[in-house]
Every structure is written in C-alpha cells, then in structure tokens.
1. Out of the residues in the range A:390-426 meeting the condition of being exposed (fewer than 15 other Cβ atoms within 10 Å of the Cβ) and in a helix (DSSP H, G or I), tell me which one is nearest to the other protein chains (Cβ to nearest Cβ).
2. Determine whether the range B:191-207 contains at least one residue that is of a type in the set (G, A, S), open to solvent by less than 50 Å² (accessible area, probe 1.4 Å), away from chain A (no Cβ under 14 Å) and within 30 Å of A:D391 (Cα to Cα).
3. Working only within the range B:5-52, note down all residues that are at pLDDT 90 or above, open to solvent by 50 Å² or more (accessible area, probe 1.4 Å) and not charged (D, E, K, R).
4. What do you reckon, is A:T385 under 30 Å from B:K141 (Cβ atoms), modelled with pLDDT of 95 or more, facing chain B (nearest Cβ under 9 Å) and open to solvent by 10 Å² or more (accessible area, probe 1.4 Å)?
5. Looking at this structure, is A:I99 outside the structural domain of A:I450 (by TED's automatic domain parsing) and either in a helix (DSSP H, G or I) or among the charged types (D, E, K, R) (or both)?
6. If only one of A:T334, A:T327, A:T338, A:T283 is open to solvent by less than 10 Å² (accessible area, probe 1.4 Å) and in contact (Cβ under 8 Å) with a residue 24 or more places away in the chain, which one is it?
7. Just for the range A:176-191: of the residues that are open to solvent by 10 Å² or more (accessible area, probe 1.4 Å) and touching a strand residue (DSSP E or B) at 6+ places or on another chain (Cβ under 9 Å), which one is nearest to A:S232 (Cα to Cα)?
8. With over 25 Å from A:T402 (Cα atoms) and open to solvent by less than 50 Å² (accessible area, probe 1.4 Å) as the only criterion, which of B:T229, B:T180, B:T169 stands out?
Amino acid sequence: MQTFADLNREIFNQSNRSDYLKKYKKGLSEKLVIQISKSKNEPEWMLKHRLKSLEAFYEIKLPDWGPKIDLDFEEITYYANATDQKGKFDSWEDIPEDIKNTFEKLGIPAAEKKMLAGVGSQYESETVYHNLKKEWEELGVVFEDMDVALQKHEDLVKQYFMTCVPIRDHKLSALHGAVWSGGTFLYVPDNVSIKQPLQAYFRMNAPGLGQFEHTIIILEKNSHAHYIEGCSAPKYGKEALHAGCVEIFVEEDAHLRYSSVENWSKDTYNLNTKRALVGKNATMEWVGGNMGSGVTMLYPCSILKDEGARCDHLGIAFANAGQVQDTGAKVIHTAPHTSSKIITKNLSKDGGKSIYRGLVHVLPQAHDCTSNINCDALILDPDSTSDTFPDIKCENTTSEITHEATVGKVNEENIFYLMSRGIEEEEAKSMIINGFIEPIIKALPLEYAIEMNRLIELEMENSIG
Amino acid sequence: MNPVIVPQNEKLNLIILDDQKDNKIQIQAEDDSGIKLFILNSSAPSITARLKNNVELEINFASLYQKNSKHEIKVTCLGNNSKTIINTVFLTKTNEQQDLKISNIFEGQNNTGSITINGILEDQTRCSLEGRVVIKNTAIKTESNLHEKILLLGEKSVCNAKPILQIDTDDVKANHSASTGRISQEDLFYMRSRGLSEQEAEKLIKQGLLLAPFSHLDKNHKFFRQLETRIL
C-alpha cells in the first residue's frame with residue numbers, strides 16, 4: 001500500500017498518456033465557453049455568467065505588482081476530459097487503469113479507507129471520483145463534485161456561486177468564471193460535526209493544460225468540518241495554469257479548518273483565489289503548504305463579517321530553484337470583537353524567491369479587534385532571496401495589530417552542535433528546518449504532516465555541497 | 001541645495017529646528033566619517049545619505065503637529081562596516097496627515113542598520129508609513145532591524161503601515177516589528193494603581209513613546225530639550 005511516507009519525486013512527475021488532448025483546441029474563445037457550458041448541460045444563468053466573465057477577462061489587466069506572469073493565454077488548453085464518461089465514476093474499480101493507478105500512487109484510496117469521511121478526485125477538467133460516507137449523507141451533509149451539485153442543488157449553488165469572489169476581482173477570477181470546471185461542493189447543515197476530514201485531490205496530467213476547479217464550502221450554524229485539498233502535476237517544460245477558486249461561508253458558531261498541500265509541477269503557474277466569509281463567533285482556519293509551481297500567487301483571504309468572528313492563517317512556502325512563491329494572507333475585519341492570527345514560514349533555496357505579501361485591514365466600525373502577524377523566513381544559500389510586504393491598515397482606535405518578521409539563514413552554531421552529536425550535516429539542517437516549520441505542521445492531521453515533512457525532505461535533497 | 005560632502009575622518013553635527021525652506025538634504029559621507037542629524041519640524045521633503053566605509057550615521061527626526069507633512073529618508077550603505085541609526089517620531093492632531101517613507105539600503109558588507117518609528121495620532125489624523133530595508137546580494141553580514149509603534153488616540157484616526165523587507169542573500173540578520181493600537185489598558189491600570197490619574201498616566205505613556213528613541217541623548221541637548229518642551 002502506498003503511504004505518504006513513501007512519497008518520492010517520481011510519483012509526482014510520472015505522467016500518463018494524454019492522447020485525449022487531441023480532441024481539444026488550445027486557446028480561449030466564446031465558442032469554447034459555450035461548448036463547456038453545453039457539454040455540462042448547465043442552466044442558462046450559468047452560461048450567461050460564463051460569458052460575462054469572459055468579457056471581464058478581456059477587459060481587466062494583469063496585476064502590475066508581484067512576479068512576472070509570462071504566460072501566453074492562447075497556448076493553454078482550457079478544458080480536457082481524460083475519459084469518455086460524462087461525470088464521475090461510481091467506484092475506484094470503474095476508473096480507467098492509468099488514472100486509478102495515479103491516485104493509488106498518491107495514496108488517495110488508502111487514505112479514504114483509513115481516515116477520511118469523503119473523497120473527491122479530479123483528473124484534468126473533470127472529477128473522476130466523489131464519495132461521502134453514508135453516515136454523513138444521512139445527516140444531510142452534501143459533498144458533491146461541483147458540476148453534479150449544480151444539477152442537483154441548483155438553487156443553493158446559485159445563491160453562493162462567485163458571490164464571495166466576484167468575477168471582476170482580478171483578471172484570473174474573471175478567467176475562472178468563464179472556464180471553470182469540476183471542483184467540490186460541501187454543505188454541512190446546522191449542528192453537524194464531521195469528525196473525519198474530507199479530501200479533494202486535483203491532478204493535472206497533460207502538458208499545457210489549465211485547471212479551473214471551483215470549490216464552495218458552506219458550514220451552517222454550529223457545524224464543524226475539516227477539508228483537505230491536495231494538488232500535483234507532472235513536469236513537462238511547458239507552462240500549465242492552475243486558476244482555481246475557493247469560496248467558503250462559515251456561519252454562526254461554525255468551525256472550518258481548510259488544509260491544502262499544493263505540489264504542482266515547477267512549470268505550473270498557480271494563480272489561485274481563496275476567500276472565506278466568517279460569521280458571528282465562527283472560526284476559519286487556513287493551513288497551507290506551497291511546495292510546487294514555478295510561480296505561485298496565493299493569498300487566502302478571510303472577511304470577518306460578524307461580531308466575534310475569528311481566523312487563523314498558517315502557511316509554509318518553499319521556493320526551490322527557479323520558483324517564485326508569492327504567498328501570504330489577507331484579513332478584513334469588518335465587525336467588532338473579531339480577531340485574526342497569521343503565521344507564515346518561508347524557505348528559499350538554490351536561487352528560489354519567497355515572498356510574504358499580506359494585508360490586515362480593520363474598518364472603522366470594527367472596534368476592539370486584535371490581529372497578530374508573524375512571518376519568518378529562512379534563506380538557505382546566498383543565491384536565494386526573501387521579501388516581506390505587509391500592509392497594515394487600521395481605521396479603528398480600539399483595535400490592536402502587531403506584526404513581526406525575521407529573515408536569516410540556518411544558525412551555523414545549531415548545525416555544529418547537532419553534528420558534534422554525530423548527526424550528518426544534511427540531516428542536521430533538515431532537523432532545524434523541521435523545527436522551523438513545526439507550528440504549521442502540527443496543525444495538520446498526522447498523515448498529512450508526514451506528507452508535508454516528506455515533501456520538505458524532497459525539496460532539501462542534495463542541499464549540501 | 002548641493003550635497004554636503006563629509007570628508008574622511010571628519011564629523012558633521014547638524015541641528016535643524018523649524019526650518020520651512022523646503023530644501024532637500026543630501027549627504028555624501030566619505031570613509032571613517034561620522035554624521036549626526038537632529039531635525040525637528042523641518043519641511044525638508046527628503047533626506048538622502050550615501051555612505052562609504054566605516055561611517056557612523058545617526059538621524060534623529062521629529063515631526064510635531066505639522067499640517068500635511070511628507071518626508072522621505074533614504075540611507076544607502078555603499079561601502080563596508082558602517083552603522084546607521086534612524087530614529088523618527090511624530091505627533092499629529094486635528095486633521096493633519098503624516099506621510100513618512102524611510103528606507104535603508106545595504107550594498108556593502110558587514111553594515112548594521114536600525115530604524116525606529118514611533119508615532120501618535122490624535123483627533124482625526126491619518127498617517128501613512130513605509131519602512132523599507134533592502135539588503136542586496138553583495139551585502140553579506142548585514143544586520144538590520146525596523147520597528148514601528150503607533151498609538152491611535154483620536155476617535156477617527158487612521159494608520160496605514162508597511163514595514164517592508166527585501167533580502168537578496170542568506171548571510172544576514174533582518175527583522176521588523178510593527179504595532180498599531182491604543183494605550184495598553186494594563187499599563188494604564190498599573191499606573192493608576194500607583195496613584196496617577198488617568199490623564200497623567202496617558203501623558204506619561206505618550207511622552208515615553210515619543211522620547212524613548214532619543215534616550216541616548218544628553219537631556220540638555222538642544223534637540224531633546226525642544227522636543228520635550230513641545231510634547232509636554
């Protein structure tokens with residue numbers, strides 16, 4: 001059985017056949033957008049939404065800050081289905097062998113049996129497997145692939161779809177609105193606490209592909225859930241694009257932990273948008289690890305909209321050779337007595353560039369708020385860089401915001417001490433780095449903590465001399 | 001105004017009080033020189049200093065009740081082994097606006113830098129602060145820190161703080177901290193338990209914040225005396 005601890009680079013880099021790609025044209029057009037909508041048998045309002053988004057995409061410019069996005073949008077294949085089937089398969093056994101093997105190597109079916117309440121697996125633009133354990137279904141929990149949710153729960157989807165992240169938020173959200181496909185819909189009714197985590201895994205296989213999954217998570221009053229997202233893709237030397245969108249609605253007294261381990265290949269642009277609206281006395285926790293991608297621009301955002309709402313943002317970003325990890329967090333305090341905490345740990349190695357970019361904004365009506373931001377960075381060699389760009393806006397005189405950041409290298413005295421105790425230099429460095437990222441790792445379930453540690457170890461391979 | 005060149009082994013001591021000439025201050029420091037600037041309520045829009053080797057630079061800058069004041073301080077360590085200290089404080093009332101940009105750029109090796117910005121916003125005042133530390137990839141063994149502490153005391157005061165670090169090499173130590181908020185209720189409680197009225201306690205805390213960056217100065221120093229008198 002494949003476990004996370006057995007992970008090696010080969011697993012992520014292995015690719016399957018991608019001859020199905022011949023059926024799909026590169027580039028973006030109104031015709032393509034209509035085709036995607038028709039093939040999914042979508043209601044008229046969704047097609048209108050897609051076309052409006054496409055119009056916005058052509059109008060809005062790319063951001064004039066952050067890493068350079070050197071991406072030819074006409075060279076991307078925006079939609080591809082790797083199987084002939086429309087919609088998901090009922091069991092792992094029915095899924096074509098090569099796709100099933102990929103997910104098995106990634107340890108998804110094993111994790112489902114062992115520790116998950118539900119699993120969704122997306123391959124290219126379509127979900128191939130989605131399942132929720134019966135006990136949760138009986139309590140009214142809905143865990144569906146987004147396309148199915150649109151058919152089965154149209155009113156609910158319409159009520160929430162792209163309300164938290166509007167089309168015109170930025171160019172990539174507009175693109176997402178036009179060509180989105182797949183993703184997850186999770187609805188947890190009042191007073192239901194899902195004890196085990198739910199997981200979605202997104203895999204891109206073919207070269208030059210774009211993946212635009214849309215995720216909506218709704219937690220009704222006093223409900224609890226832990227949602228985990230994983231992503232990976234093989235490396236081709238050709239640009240791929242991931243521009244997903246995650247919209248989260250956490251109602252009164254509810255609690256959501258959203259964990260993600262992003263491990264896209266190093267030729268992928270990961271330009272993802274994630275945002276949560278947090279209600280009265282509710283808690284939103286983001287735990288994120290960004291290991292892959294050539295360029296990442298990802299700033300999960302919490303809008304604390306009602307009194308007593310709270311959010312924690314915990315993140316690790318590892319920038320290796322050729323990577324730019326531009327990550328961070330945004331918190332908007334719009335209500336009184338709200339609180340936020342941001343802890344990020346950035347690592348850069350072999351010329352990698354890590355950037356923390358964050359915003360904390362306390363609005364005038366949000367009295368008695370607190371916010372703590374702590375962002376640390378380790379630079380592992382002279383060629384690597386680390387930048388910190390926090391933006392703190394306080395419009396309220398009863399609120400308190402504190403920010404701290406440190407940047408430096410691994411302490412040589414610590415390495416020397418460990419080596420004097422018989423530990424090899426590479427292992428000593430790894431141990432120190434594991435200690436550095438520990439506050440984030442310990443927020444993950446054990447299996448995923450092992451995965452994250454293993455990914456860091458993979459990134460650290462050959463780091464000595 | 002032409003750049004002031006501080007020759008090798010020379011010391012420059014400059015005190016500018018209530019200068020309203022809108023002149024830019026430009027300084028070029030040669031090897032082994034020392035510069036101390038004391039600036040209180042100057043309308044100089046910018047102060048730039050370019051340092052060669054073994055230079056000691058200290059900028060003490062205060063802006064009290066200045067209407068719509070905009071200042072930029074930029075210090076570049078071109079050479080090695082220099083030490084820079086930039087201490088700034090500001091105090092605003094009514095509907096004044098304070099814009100402050102301070103950057104410390106390190107190109108040479110083995111330099112140290114420290115930036116402190118303490119400020120108090122009263123009434124409906126606004127401030128925009130940008131503290132930036134840039135360590136280029138040639139600047140190994142740099143040690144730099146940046147601290148911002150802002151008290152919001154007015155009912156409608158607004159603060160926007162951006163403490164930025166841009167680090168291009170590994171063998172450095174850089175840190176920054178920023179805090180924005182009101183007077184700590186615990187501090188107030190402690191002082192009141194020692195017999196001070198709320199007003200007296202608040203006054204002491206404000207004085208402490210604004211004078212702390214200059215605690216190394218002689219209490220009879222002209223700049224310190226003026227500052228103390230005006231904030232009392």
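1. A:E412
2. Looking for residues that are of a type in the set (G, A, S), open to solvent by less than 50 Å² (accessible area, probe 1.4 Å), away from chain A (no Cβ under 14 Å) and within 30 Å of A:D391 (Cα to Cα), one finds none in the range B:191-207, hence no.
3. Residues satisfying the conditions are B:I5, B:P7, B:Q8, B:N9, B:N13, B:L14, B:I15, B:Q26, B:Q28.
4. yes
5. yes
6. Testing whether each residue is open to solvent by less than 10 Å² (accessible area, probe 1.4 Å) and in contact (Cβ under 8 Å) with a residue 24 or more places away in the chain leaves just A:T338.
7. Only one residue fits best here, namely A:Y187.
8. It is B:T169.
The values are calculated or read from the model by the stated rules, or taken from the named source; none is laboratory data. Quick caveat, the model's predicted, so the values are computed rather than measured. Note: ideal-geometry Cβ built from the backbone for every residue, glycine included; neighbour counts use all protein chains shown. Heads up: the accessible areas ignore ligands, DNA and RNA and are worked out on the full protein's heavy atoms, side chains in. Shrake-Rupley method; radii C 1.70, N 1.55, O 1.52, S 1.80 Å.
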